[in-house]
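Notes follow once the structure below has been shown.
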Amino acid sequence: MAANQQAQSLNVTSEMPQEDRNFNDLKDIFKERIYGTIKGTYRFEMAAQDLDAELERRHPDNSSLVALDIGGGLGQMTLNIGKRSNFHKVFYYDVAETMKEHVDLEIKHGSHGGELKAIVETHVGGLKDAVREIFQGKPLTILPDVVCLHAVLEWLQSPMDDLELLLQSMQSGSILSLLYYNKIASKKPQKPRKKPRKPSKLTPYHEFDHEEIERKLIVNGFEITRRTGLRIKKFKRDGTEEEVKLYLDEERQIARIEPFCRQGRYNHIIAVKV
């Protein structure tokens, strides 16, 4: 019954998954086709800007903050936070051992483009592991002030249940940086297909209605302070350099204003627990 109710509350893009997705075998593909692309760079840039702005507003002089990056992938956000002078420690979690090994090498060889100011502690594990080991297994003095959950929910077997577990575990005043795969209405009629399209290995399990996500945050005591829509208009894969630059310039202009901030292929939310 619970699984049926959850399936109704979000859009399932393929068969209902039996377990959380593990990209252990796709590290190089992720690096080339997601993190290494213009789309991936833009997504990271905008999410980092949102988080930086919120930290500047709430913790301009604090030098002992703790962060948790769940589903941290190749570690861009973990390492970006680790370079900030106001963080003392960053916990990185990912279910893929190959991803963790990549981050460990980045830290060891200093190939992340700057000096780390914070201690970075890496772990193999998912959202439930992070909640159990960090929120339930650490002293209150090092509970995370910031939690990043970027492009993770759409790959989980029980995303809304797992999100609620995280939200209930976070302490008052902590900041959530949430990036999720948004359900968007098609702008033109779709021709019926003779055969169903075979899902790509990089096609998320779920897409989410922004109202459902925001309602979940509010019910669990969070105030939404920032919204950003990413890839509001369709991205042209074969666009020229000039066309791509124009596209990104236009996207940046509308990404944080209503109603576009809720209409991206991905939406980024900053929310603070009251």
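The values are calculated or read from the model by the stated rules, or taken from the named source; none is laboratory data. All values derive from a computational prediction rather than experimental measurement. Glycine also receives a Cβ, built like all others from the backbone with ideal geometry; neighbour counts cover every protein chain displayed. Remember, those area values only see protein heavy atoms, side chains included, never the ligands or the DNA or RNA. Shrake-Rupley method; radii C 1.70, N 1.55, O 1.52, S 1.80 Å.
Find all pairs meeting these conditions: Cβ atoms under 9 angstrom apart; at least six residues apart or on different chains; first residue within region 249-274 and in a loop (DSSP other than H, G, I, E, B); second residue hydroxyl-bearing (Ser, Thr, Tyr).
ALA255/THR228; ARG256/THR228; GLY264/THR228; ARG265/TYR181; VAL274/SER172
Would you pick out the residues in region 80-124 that are in contact with a Ser or Thr (Cβ under 7 Å, 6 or more places away or on another chain), open to solvent by less than 10 Å² (accessible area, probe 1.4 Å) and of a type in the set (Val, Ile, Thr)? It would help to see each step written out before you state the result.
Let us first name the residues in region 80-124 that are in contact with a Ser or Thr (Cβ under 7 Å, 6 or more places away or on another chain), namely 85-86, 88, 90, 92, 100, 103-104, 117, 120.
Keeping just the survivors that are open to solvent by less than 10 Å² (accessible area, probe 1.4 Å) gives 90, 92, 103.
Answer for region 80-124, where residues must be in contact with a Ser or Thr (Cβ under 7 Å, 6 or more places away or on another chain), open to solvent by less than 10 Å² (accessible area, probe 1.4 Å) and of a type in the set (Val, Ile, Thr): VAL90, VAL103.
Working only within region 257-274, note down all residues that are of a type outside the set (Val, Ile, Thr) and more than 17 Å from the chain's Cα centre (by Cα). It would help to see each step written out before you state the result.
We begin by selecting, within region 257-274, every residue of a type outside the set (Val, Ile, Thr); these are 258-268, 271, 273.
Result: GLU258, PRO259, PHE260, LYS273.
In this structure, is MET77 in contact with a strand residue (DSSP E or B) (Cβ under 7 Å, 6 or more places away or on another chain), buried (at least 18 other Cβ atoms within 10 Å of the Cβ) and within 28 Å of TYR42 (Cβ to Cβ)? Don't jump to the end; show me each part of the working.
Numbers: in contact with a strand residue (DSSP E or B) (Cβ under 7 Å, 6 or more places away or on another chain): yes; buried (at least 18 other Cβ atoms within 10 Å of the Cβ): yes; within 28 Å of TYR42 (Cβ to Cβ): yes.
Spelling it out, MET77 is indeed in contact with a strand residue (DSSP E or B) (Cβ under 7 Å, 6 or more places away or on another chain), buried (at least 18 other Cβ atoms within 10 Å of the Cβ) and within 28 Å of TYR42 (Cβ to Cβ).
Does region 158-190 hold any residues that are open to solvent by 90 Å² or more (accessible area, probe 1.4 Å), at pLDDT 55 or above and over 21 Å from the mean Cα position of the chain (by Cα), and which are they?
Matches in region 158-190: none.
Determine the pairs where a residue that is farther than 13 Å from ARG262 by Cβ, located within region 211-233, has a partner that is of a type in the set (A, V, I, L, M, F, W, C) and open to solvent by 40 Å² or more (accessible area, probe 1.4 Å) with Cβ atoms under 9 Å apart, the partner being 6 or more residues away or on another chain.
GLY221/VAL274; PHE222/VAL274; GLU223/VAL274
Criterion first (modelled with pLDDT of 90 or more and surrounded by fewer than 17 Cβ atoms within 10 Å (Cβ to Cβ)) does ARG33 satisfy it?
Values: modelled with pLDDT of 90 or more: no; surrounded by fewer than 17 Cβ atoms within 10 Å (Cβ to Cβ): yes.
Judged against the criteria, ARG33 is not a match.
Looking at the structure I just gave you, is LEU202 of a type in the set (A, V, I, L, M), modelled with pLDDT of 95 or more and either open to solvent by less than 80 Å² (accessible area, probe 1.4 Å) or closer than 21 Å to GLY71 by Cβ (or both)? Spell out how you get there, then give the answer.
Working: of a type in the set (A, V, I, L, M): yes; modelled with pLDDT of 95 or more: no; either open to solvent by less than 80 Å² (accessible area, probe 1.4 Å) or closer than 21 Å to GLY71 by Cβ (or both): yes.
The answer is no for LEU202.
Hey, any hits in region 217-228 for a residue that's outside any loop (DSSP other than H, G, I, E, B), modelled with pLDDT under 95 and surrounded by fewer than 17 Cβ atoms within 10 Å (Cβ to Cβ)?
Here is the first cut: in region 217-228, the ones outside any loop (DSSP other than H, G, I, E, B) are 217-219, 222-228.
From what is left, the residues that are modelled with pLDDT under 95 are none.
No, region 217-228 contains no residue that is outside any loop (DSSP other than H, G, I, E, B), modelled with pLDDT under 95 and surrounded by fewer than 17 Cβ atoms within 10 Å (Cβ to Cβ).
Of all residues in region 141-155, count the ones that are touching a residue at least 24 places away in the same chain (Cβ under 8 Å) and open to solvent by 10 Å² or more (accessible area, probe 1.4 Å).
Residues of region 141-155 touching a residue at least 24 places away in the same chain (Cβ under 8 Å): 142-155.
Now restrict to residues that are open to solvent by 10 Å² or more (accessible area, probe 1.4 Å): 142-143, 145, 150-152, 155.
So the answer is 7.
Filter region 50-62 down to the residues that are closer than 17 Å to THR78 by Cβ, surrounded by 15 or more Cβ atoms within 10 Å (Cβ to Cβ) and of a type outside the set (A, V, I, L, M, F, W, C) and list them by number.
Across region 50-62, the qualifying residue is only ASP50.
When the residues of region 230-248 are narrowed to those that are open to solvent by less than 100 Å² (accessible area, probe 1.4 Å), of a type outside the set (A, V, I, L, M) and assigned to a helix (DSSP H, G or I), which ends up nearest to VAL152 (Cα to Cα)? If you could, list the steps in order and put the result at the bottom.
Kept after step one, since they are open to solvent by less than 100 Å² (accessible area, probe 1.4 Å), are these residues of region 230-248: 230-232, 235, 239-240, 243-244, 246-248.
Restricting the remaining residues to those that are of a type outside the set (A, V, I, L, M) gives 231, 235, 239-240, 243, 247.
The next check asks that each one be assigned to a helix (DSSP H, G or I); those that pass are 243, 247.
Details: GLU243: 30, TYR247: 26 Å.
Here the answer is TYR247.
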